[in-house]
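Notes follow once the structure below has been shown.
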Amino acid sequence: MTLEYSIALDHSVWMPVPLDFPWNGYADADAWSTDLASSLLNGFDASPEVVAALGATAREMANVSGPFDGAEERFWHFPLDGGTQRLIHLYVEEYPYTGEAAWRALATAGVGGYVQVLEALDDTAFDEAARTVVIAQEGESAPIYLVRFLGFRAGMVFILEIVDEETGVVAALAEPAEALFRSIELREVSAPADAPER
């Protein structure tokens, strides 16, 4: 049995950002970012400088490294009516455990810190889902705020993650990120008869 997923992406708020290239016919980040800037500003009286600046920002987004290895997808919060712009990442891994102990372990995985919020989420595609908020700080450095939406089903965990040093950014992204998480749809698919079991 395998688990397939799809996401009902609200393109007025989120844009998928390639993790690597080639991707969907784009050879590299330059080609993708140039086309994206042109399409987003199509119909607007935007100067070449504005188009170039948006293309440069998109290229930076495509070239940035995620906070952790192994992301399946990343999304650029780019609301067309204006607002906070940041990247968030989706991770999908095999994880046989559920329940509050698993939520706490995943909430702090890779960062440590203090679990500030731990709450179950209803009405998702998952058997269990939770929202966690962690504050992590190392030495005298600024604290890092980490929000993770966790979804468990069929021995898999989905983690949609916000990481930032600014509480205002985390607050601005929390609601649209939760809506994105809730838009995930799942389908359990039987493996072919001749396929080895995992």
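Express the relative contact order of region 71-198 as a whole percentage, based on alpha carbon pairs under 8 Å and six or more residues apart in sequence. Display every interim value, and only then the final one.
Details: 222 pairs, mean separation 26.6, N = 128.
Here the relative contact order equals 21 percent.
Can you give me the angle between helix 167-182 and the longest principal axis of the chain, using Cα atoms only, in degrees from 0 to 90, rounded to the nearest 10?
Computed tilt is about 70 degrees.
By the gyration tensor of its Cα atoms, with a ≥ b ≥ c the square roots of the eigenvalues, what is the shape of region 8-64: rounded for a/c under 1.5, prolate for a/b over b/c, or oblate?
Verdict is oblate for region 8-64.
For Y95 and A53, what does the FRET efficiency come to when R0 = 41 Å and r is the distance between their Cβ atoms, rounded to the nearest 0.05?
Working: r = 41 Å, r/R0 = 1.00.
So the FRET efficiency works out to roughly 0.50.
Suppose the chain between R104 and A31 were pulled fully straight at 0.36 nm per residue; how much longer would it get relative to their current alpha carbon spacing?
Roughly 22.2 nm would be gained on extension.
Find out how many positive minus negative residues lie around L36, taking Lys and Arg as positive, Asp and Glu as negative, among other residues whose Cβ is under 15 Å from that of L36.
Values: positive: R59, R74; negative: D28, D30, D35, E60.
Its environment carries a net charge of -2.
Any chance you could run the full-extension gain for E165 through E4? It's 0.36 nm times the residue separation minus the Cα-Cα distance, nm to one decimal.
In short, 54.7 nm is gained.
For the chain, what does the alpha-carbon gyration tensor say about shape, rounded, prolate or oblate, given a ≥ b ≥ c as the root eigenvalues, a/c under 1.5 as rounded, and a/b over b/c as prolate?
The shape class here is oblate.
Can you give the convex hull volume of the alpha carbon atoms of region 1-117 per residue, in Å³?
157
Before rounding to the nearest 500, sum -39500 (n - 2.57) across all DSSP H runs of length at least 4 in the chain and divide by the residue total; then give [θ] at 222 nm in deg cm²/dmol. Walk me through the numbers before you get to the answer.
Numbers: 4 runs with 53 residues, N = 198.
Mean residue ellipticity at 222 nm (helix-derived): -8500 deg cm²/dmol.
Any read-out appearing in this document is the output of simple, stated calculations on the displayed coordinates, not a laboratory observation. Remember, it's a predicted structure, so these values are computed and weren't measured experimentally. A quick note on method: Cβ atoms are made from the backbone with ideal geometry, for glycine too, and the neighbour counts reach across all protein chains shown.
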